[in-house]
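Written below as structure tokens is the structure these notes are about.
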Amino acid sequence: MPVHFSTIPEEIKPEMEELAPSDEFWMGEALKEAQLAFDQQEVPIGAVLVFDNQIVARSGNRTLRDQDPTAHAEIVTLREAARVLGNHRLVGTKLYVTLEPCAMCAGALIQARVASLVYGASDPKAGAVHSHFEICTTAFLNHRVEVLSGVRDLECAAILQQFFRARRKQPLL
């Protein structure tokens, strides 16, 4: 999948290079979180939130561990970042996540005022950034998130495919 930007109206679109040198590195950190989630039998999605070129918070999916349907990697990461930074507004931050966020997570990015989202694999079933909705860039919300997709997308998709292939081979209980 080629890397592309969302269609954000030019008057509000921040400047962003095609692919900043650090985007692949930070996505690698998100992939580490996805692997940790995989090792815990969680759906292997990982996220890291970066501010001033440092990771503020990181997590993989924790829905099973926490018995919380909202404990997606993005939500857990945003919660921890807000705690660490002492502010529910995460202005100037950049979230790296291995899979296109769902509607809940995309909405949380808007509420937190995250500046940029970089994701790896598209989610044709539940993606709410490009695949089905354009929550992060819609003109009728009070904040827009700059979006870059397709960063290390093959690796991000591969860990999910491996997880679900293994899950389908397990006997039903």
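Quick note: the coordinates plus some simple rules give every number you see, no bench work behind them. Quick caveat, the model's predicted, so the values are computed rather than measured. Glycine also receives a Cβ, built like all others from the backbone with ideal geometry; neighbour counts cover every protein chain displayed.
A few comments on the model shown:
- Within the chain, the longest run free of exposed loop sites, counting GluC sites (Glu not before Pro) that sit outside DSSP helix and strand states (H, G, I, E, B) and have at most 16 other Cβ atoms within 10 Å, spans 19-173.
- Exposed loop sites, defined as trypsin sites (Lys or Arg not before Pro) outside DSSP H, G, I, E and B with at most 15 other Cβ atoms within 10 Å, are absent from the longest region of the chain, namely 1-88.
- Taking label points 7 Å from Cα along the Cα-to-Cβ direction, His88 and Ala126 give a separation of 2.4 nm.
- Annotation for region 28-80 versus region 120-141: alpha-carbon center distance of 19 Å.
- Approximate shape of the chain as ellipsoid semi-axes (Cα gyration tensor, √5λ), whole Å, largest first: 25, 18, 15
- Dipole magnitude (debye, nearest 20) for the chain, charges at Cβ of Lys, Arg, Asp, Glu: 720 debye
- Cα-centred dipole magnitude for region 56-135, charges only on beta-carbon of K, R (+1) and D, E (-1), debye, nearest 20: 280 debye
- Taking every DSSP bridge with both residues inside the chain, close to 55 percent are antiparallel.
- With contacts taken as Cα pairs under 8 Å and at least 6 residues apart, the chain reaches a relative contact order of 22 percent.
- Point-to-point label distance, Gln111-Gln161, nm (Cα→Cβ direction, 7 Å offset): 3.5 nm
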